[in-house]
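Down below is the structure, laid out as structure tokens.
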Amino acid sequence: MKKEEILSNLQNAVVLANFEDALSWTECGLKEGIPPFELITEGLSKGMIIVGQKYEDGDYYVTDMILSSGAMNEALTILLPYLKKNKRKYLGKVVLGSVADDIHDIGKNIVATMLIGAGFDVYDLGVNVSKEEFVNKAIEVQADIVGASAFMSSTYLHQPDVKKALDEAGLTPQVKYIIGGGAVYRQWAREIGADGYADDALEAVNLCKALMSAREV
Amino acid sequence: MEDTLSCAHAVGMGCLLGNINIIAESEERDRKKEIMLVADRIKIIACQVMEKEILSIDNRKFDATFIQYKYHDHPEQLHDRIQEEIAHSCDYQCIILGFGLCGGAIDGIQAINCPVIIPRIDDCIPLLLGSREKYEQEKKIESGTYFLNHGWIEYGNDALKDFHKWREMYGEQKANWLIKEFYKPYTRVAFINSGFDDKERYLSYAKKLSDFLNIKLDVISGHLGFIRQLLNLECNNSDYIILEPGQKAERSMFRPNDCL
């Protein structure tokens, strides 16, 4: 089967949130010798971009996005080990997490998936992440960007703590700090001195790309 | 000499600042008192889920409008609906909102002809539990608590309703997957019992929900104290926000005073 056909089917599997097809077309692509990274960027990720656009246009609900992200993640479980084995140049290293006391992660997980799809090396610390864990991971992996998510109005107040911890560890301004989440808003990001704010996963990817490009200039 | 002068200056400044704080607090108390004296006609605009609780309080005469819970699904729609009700309430002397920040819906809400009082809370659970402190206590007991009261069961969303909806939209397999994704943070259902009739029916539903999610069920007592204080404008100053005519609510007003 032609490469273009496999990649197109993989895109569709994500757009239609067909978990089984996402897995089987991934395996098919690997068998046909398509590089794993290409399956991610030209297949899965392109599917998620279409999904993101459908959501922006109001054609998809948030549940559709989450399902599509789930289908992409199924495929990534097969592909990510290949990426770890073969050294490759990533666009940047991103440490992500939901802040302390926050146990929500759906939005953050979609961001992580799309960042991987876009070519970033992502370290997802999960939920209820302390400021110390953010800092320690950023140091360990030599992160370029740290992203802190907060879904609740009571937990977004921890986002300045992470900024302060990064500052005190001497990581900023080299390491960029971005925030997002259901409770968060643009003005808040400005108030706490974050380097950026993203309203949704697509914006998060574009923000990270922009921050990395600015670094190269 | 210089040290003495700078010390005196510091003490003077401290007294001045202290006086300013006392004056500010005193002005807030006076404003509350003023509103209470003047407000003969009070309008309550509240969420449907606490209709029973609010109507059970009979301390003073007020008119109430209860907004359907469904608007919570889209905070911008909830915002517009609340603002619409405020606009329709121009002949009242005071409006009290029975909402928290509610996903940002209250952000930008504007008082028009009269003051609008808003509880300084993120969502309505503290109102049902009786205080913000009680809410923090319950969250400390179990951070993954899914609170439920009879109003939510009647009018709101929950995992059972979501499952039925998603099963229709996507089929059983995907619906199950979505339930796991959305509800995985929760480790207990806490049914808030406000002592109304038909408790057994609602408790039975709460049990069905907890069984469905395979998490435990606790029953906790609701308390009308916070709602009663709000309706009588008896809350501590830190518990609510007063919007004067023309003033808009901002998210920053809902933050604790010592934040930033």
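The values are calculated or read from the model by the stated rules, or taken from the named source; none is laboratory data. What you are looking at is a predicted structure, and each value in this text was computed from that prediction instead of being measured. Glycine gets a Cβ as well: all are built from the backbone with ideal geometry, and neighbour counts include every protein chain shown.
The single condition from (1) in a loop (DSSP other than H, G, I, E, B); (2) in contact (Cβ under 8 Å) with a residue 60 or more places away in the chain that A:GLY170 fails is (2). The residue list A:LEU76, A:LEU80 contains one member that is touching a helix residue (DSSP H, G or I) at 6+ places or on another chain (Cβ under 7 Å), farther than 18 Å from A:ALA189 by Cβ and not assigned by TED's automatic domain parsing to the domain that holds A:TYR185, which is A:LEU76. Scanning the stretch A:98-132 for residues that are within 11 Å of chain B (Cβ to nearest Cβ), polar (S, T, N, Q) and assigned to a helix (DSSP H, G or I) turns up just one, A:ASN109.
Listed here are the residues, each with its yes/no results for (1) more than 20 Å from B:GLU234 (Cα to Cα); (2) surrounded by fewer than 22 Cβ atoms within 10 Å (Cβ to Cβ).
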residue	(1), (2)
B:ALA111	yes, yes
B:PRO119	no, no
B:GLY130	no, yes
B:GLU138	yes, yes
B:GLU142	yes, yes
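Among the residues of the stretch B:181-192, the ones that are away from chain A (no Cβ under 14 Å) and without any contact (Cβ under 8 Å) to a residue 40 or more places away in the chain come to 0 in all. Every listed requirement among (1) out of contact with any helix residue (DSSP H, G or I) (no Cβ under 9 Å at 6 or more places or on another chain); (2) within 14 Å of chain B (Cβ to nearest Cβ) is met by A:ALA194 save one, (1). Only one of the listed residues (A:LYS176, A:LYS131, A:LYS164) is more than 19 Å from the chain's Cα centre (by Cα), assigned by TED's automatic domain parsing to the domain that holds A:ILE116 and crowded, with 21+ Cβ neighbours inside 10 Å. That residue is A:LYS131. Whenever a residue of the stretch B:92-113 is within 14 Å of chain A (Cβ to nearest Cβ) and more than 19 Å from B:GLY130 (Cβ to Cβ), it has no partner that is aromatic (Phe, Trp, Tyr) and surrounded by fewer than 20 Cβ atoms within 10 Å (Cβ to Cβ) lying with C-beta atoms less than 6 angstrom away and at least six residues away or across chains. Note on the stretch B:177-198: residues that are touching a helix residue (DSSP H, G or I) at 6+ places or on another chain (Cβ under 8 Å) and in a helix (DSSP H, G or I) total 6.
Checked against (1) of a type outside the set (S, T, N, Q); (2) assigned to a helix (DSSP H, G or I); (3) without any contact (Cβ under 8 Å) to a residue 60 or more places away in the chain, A:ALA75 passes all but condition (3).
Set side by side, the residues A:VAL184, A:VAL146, A:VAL205 differ, and just one is outside the structural domain of A:GLN53 (by TED's automatic domain parsing), under 30 Å from A:ASP57 (Cα atoms) and in a loop (DSSP other than H, G, I, E, B), which is A:VAL184. Within the stretch A:198-215, one or more residues are farther than 19 Å from A:ALA112 by Cβ, in contact (Cβ under 8 Å) with a residue 60 or more places away in the chain, out of contact with any strand residue (DSSP E or B) (no Cβ under 6 Å at 6 or more places or on another chain) and of a type in the set (D, E, K, R). Candidates B:ASN214, B:ASN176: the one that is at positive phi, out of contact with any Lys or Arg (no Cβ under 6 Å at 6 or more places or on another chain) and without any contact (Cβ under 8 Å) to a residue 60 or more places away in the chain is B:ASN214.
Given the criteria touching a strand residue (DSSP E or B) at 6+ places or on another chain (Cβ under 9 Å), more than 30 Å from B:TYR183 (Cβ to Cβ) and not hydroxyl-bearing (Ser, Thr, Tyr), does A:GLY92 qualify?
Against the criterion (touching a strand residue (DSSP E or B) at 6+ places or on another chain (Cβ under 9 Å), more than 30 Å from B:TYR183 (Cβ to Cβ) and not hydroxyl-bearing (Ser, Thr, Tyr)), A:GLY92 qualifies.
Mind checking whether some residue in the stretch A:23-42 is small (Gly, Ala, Ser) and either touching a Pro at 6+ places or on another chain (Cβ under 6 Å) or in contact (Cβ under 8 Å) with a residue 40 or more places away in the chain (or both)? Taking every residue of the stretch A:23-42 in turn, none turns out to be small (Gly, Ala, Ser) and either touching a Pro at 6+ places or on another chain (Cβ under 6 Å) or in contact (Cβ under 8 Å) with a residue 40 or more places away in the chain (or both).
Checking the stated criteria, B:ALA159 turns out not to satisfy the condition of being touching a Lys or Arg at 6+ places or on another chain (Cβ under 7 Å) and of a type in the set (A, V, I, L, M, F, W, C).
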